[in-house]
Every structure is written in structure tokens, then in C-alpha cells.
1. Inside the range 17-35, can you point out the residues that are in contact with a Phe, Trp or Tyr (Cβ under 8 Å, 6 or more places away or on another chain) and either surrounded by 10 or more Cβ atoms within 10 Å (Cβ to Cβ) or on the phi > 0 side of the Ramachandran plot (or both)?
2. Where residues in the range 124-158 are among the charged types (D, E, K, R) and over 15 Å from residue 77 (Cα atoms), which of them is surrounded by the fewest Cβ atoms within 10 Å (Cβ to Cβ)?
3. Consider residue 42 carefully, then state whether it is of a type in the set (Phe, Trp, Tyr), part of a helix (DSSP H, G or I) and out of contact with any Ser or Thr (no Cβ under 7 Å at 6 or more places or on another chain).
4. Within the range 120-172, count every residue that is in contact with a Ser or Thr (Cβ under 9 Å, 6 or more places away or on another chain), among the small types (Gly, Ala, Ser) and farther than 16 Å from residue 188 by Cβ.
5. Hey, among the residues in the range 62-104 that are crowded, with 17+ Cβ neighbours inside 10 Å, under 15 Å from the mean Cα position of the chain (by Cα) and of a type in the set (A, V, I, L, M), which one's farthest from residue 141 (Cα to Cα)?
6. Here's a check for you: in the range 47-56, which residue that is under 26 Å from the mean Cα position of the chain (by Cα) and not β-branched (Val, Ile, Thr) is nearest to residue 184 (Cα to Cα)?
7. Can you tell me how many residues in the range 20-39 are in a helix (DSSP H, G or I), under 26 Å from residue 175 (Cβ atoms) and over 34 Å from the mean Cα position of the chain (by Cα)?
Amino acid sequence: MNDERHSVFRDAGRDRETAEQIPDTPQTRAPSYRLAFADEGFLCRDELRPVRLQLELLKPQLILDERNIDSTVVLFGGARIPSPEERHTARTKTLAELTHFYEEARLFARRMTEKSIASGNREFVITTGGGPGVMEAGNRGAEEAGGVSIGLNIVLPHEQAPNTYVTPELCFNFHYFAIRKMHFLMRARAICVFPGGFGTLDEMFEALTLIQTGRMERVPFLLFGRAFWEKIINWEALEDAGTISPEDLDLFRFVESAEEAAAVIEEWGPAPARDDIPGR
């Protein structure tokens, strides 16, 4: 964090340290006496939700700005897909067959990170949800290339630690899914979606909706594994029903390999946001 101050006032950190060194009396032990910003119980009150939302938006924003990170390549994908060497641990036959996407995610992240390193780790920085499976593969490929990568973790009821390949200084943790999703997309230069479950589908469709409605500029939106995606989603049925327009099916592309995905991103030209919604 940047420690340079632009104020003549005494800083909050020093006052917090001073407040912890005062005499222990009934008055100083009272919750009402605690500095508001140092009072965990106060900050966790329901009424403080707007403040917590702002803090979760602001903290990663400041850190990423200080690291001069201008753009990212986002990887969404299943936490349950093991690496090829751990194929035997797959819960189902289908998961075992999907392990090659772990390898493609790793190779793709390595290639994008080599591009990122050439920019001084400012552009095309790999960003994942920081967990296992495809997320781990993305952060792993970035580390193998000698670059940095971002992990946007979320607190879940079951224990989950960040994967060990996330750059520690760029490993974040969130309480609010909505703010985490904003950070996924705010700097996104490309969005790559690998096979996954509810979480992956949620992230994919929210991002597609933002692009479809013109709330976000078009970026390369790549779905790895046509067979998987066409099996679980009947895209043509949506078009036939009229719930989406034929043009909406052009918002994304299917790819099968890291090489194919990288080529799409490298050849991508400017694509401004939509100014209308086809079919409406």
C-alpha cells in the first residue's frame, strides 16, 4: 500500500495505536469508547452494510491501481476439475474426462502471462476465483511463466483456502459475491469460461448479460469445450423461442485449446458496447 500522506492531520493508524495504550478502566473498556473504524462489532452491524460494500470495492481497487494493473484476462471454471495427474480423484467419469481442460487453462494462462510480462505485468494479468480446479490451473500457469496473477476468493461456509499459485500480494477475499463479480469484470480484456457448475454458469451469464445489454464493452468471450456447453445449454432453443436474438449468439465463441483462445485474443480489434438490443 502507498504510505505517502496528503494531509496535515494526524493519521488514523497512529491514533488507533495510541488508543490501545491508554489506562484500563471501565470507561475505556466500554464498547462505546472504541474508535468506530477499529470497532469490529460496530463494523459488522447490519446497518453498516453500505460501508462494508464500499470497503470491499475500494480495497482491491487501490491495491490493483498501486500495482499499475490496467487489464486482466478472466478465467471462470469448475473447482471440481482435477489436474490430469490427479485424474483418479475425479468424482465422476465425466469429471475425469474434463481434466484436459485443466491443462488447457494452465497452458493458456502461461501464454497470456508471457504477454503480460512484456507489458511489465500491467496488461493481460490472469485473474481467477483463487480456488482449486480450473482456477488453480490459471494461477499455476501464470506462476510457471514467471509472472503475477490475481485470485478473487470468497468466504464460504466450508473451509477453503486460496490455491498456492496466486500471487500473495494479489490474493483477495470477499464477503459479497456482487462486489467480487465487479472486480472480475472491471478490468477484463477477455473472458474465458471453462466447464463448471452453478458458480461458473452464474458468472458466465451475468457477464454475457452485461455485454448483451450494452452495459459493458464487447471483449473476447470464449467458451472452452463446445461439446460440453452444447450438451448443457440449448442455445438454439433460446433463439427459436425468441428469448434471445440470433445476434446474441455472436457474443461468444467456442474454442478447444489454449492456442486457439490466444489467437482470438491477439487478433481482437476494438468492439464498443452495444447501443441497442437486437430483437427488441
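1. Taking the range 17-35 as the starting set, the residues that turn out to be in contact with a Phe, Trp or Tyr (Cβ under 8 Å, 6 or more places away or on another chain) are 27, 31, 34.
Across the range 17-35, the qualifying residues are 27, 34.
2. The initial filter retains those residues of the range 124-158 that are among the charged types (D, E, K, R), namely 136, 140, 143-144.
Okay, now just the ones that are also over 15 Å from residue 77 (Cα atoms), so 143-144.
Working: 143: 21, 144: 14.
In this case the residue turns out to be 144.
3. Numbers: of a type in the set (Phe, Trp, Tyr): yes; part of a helix (DSSP H, G or I): yes; out of contact with any Ser or Thr (no Cβ under 7 Å at 6 or more places or on another chain): yes.
In short, yes.
4. Number satisfying all stated conditions: 6.
5. Among them, the one singled out is 64.
6. As a first pass, look at the range 47-56 and keep what is under 26 Å from the mean Cα position of the chain (by Cα): 48-56.
Next, from what is left, pick out any that are not β-branched (Val, Ile, Thr): 48-50, 52-56.
Working: 48: 24, 49: 21, 50: 20, 52: 18, 53: 16, 54: 16, 55: 16, 56: 13 Å.
Among those residues, the one meeting the criterion is 56.
7. We begin by selecting, within the range 20-39, every residue in a helix (DSSP H, G or I); these are 26-29, 31-33, 36-38.
When the remaining residues are screened for being under 26 Å from residue 175 (Cβ atoms), the result is 31-32, 36-38.
Filter once more, so that each one left must be over 34 Å from the mean Cα position of the chain (by Cα): 31-32.
Final tally of qualifying residues: 2.
Residue-wise test of (1) of a type in the set (Asp, Glu); (2) under 22 Å from residue 261 (Cα atoms); (3) out of contact with any Lys or Arg (no Cβ under 8 Å at 6 or more places or on another chain).
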residue: 169; (1), (2), (3): yes, no, no
residue: 178; (1), (2), (3): no, no, yes
residue: 206; (1), (2), (3): yes, yes, no
residue: 214; (1), (2), (3): no, no, no
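Bear in mind these aren't lab numbers, they're just calculated from the coordinates by the rules spelled out. Quantities reported herein were computed from a predicted structural model and do not represent experimental measurements. All Cβ positions, even for glycine, are placed from backbone atoms using ideal geometry, and neighbour counts span all protein chains on display.
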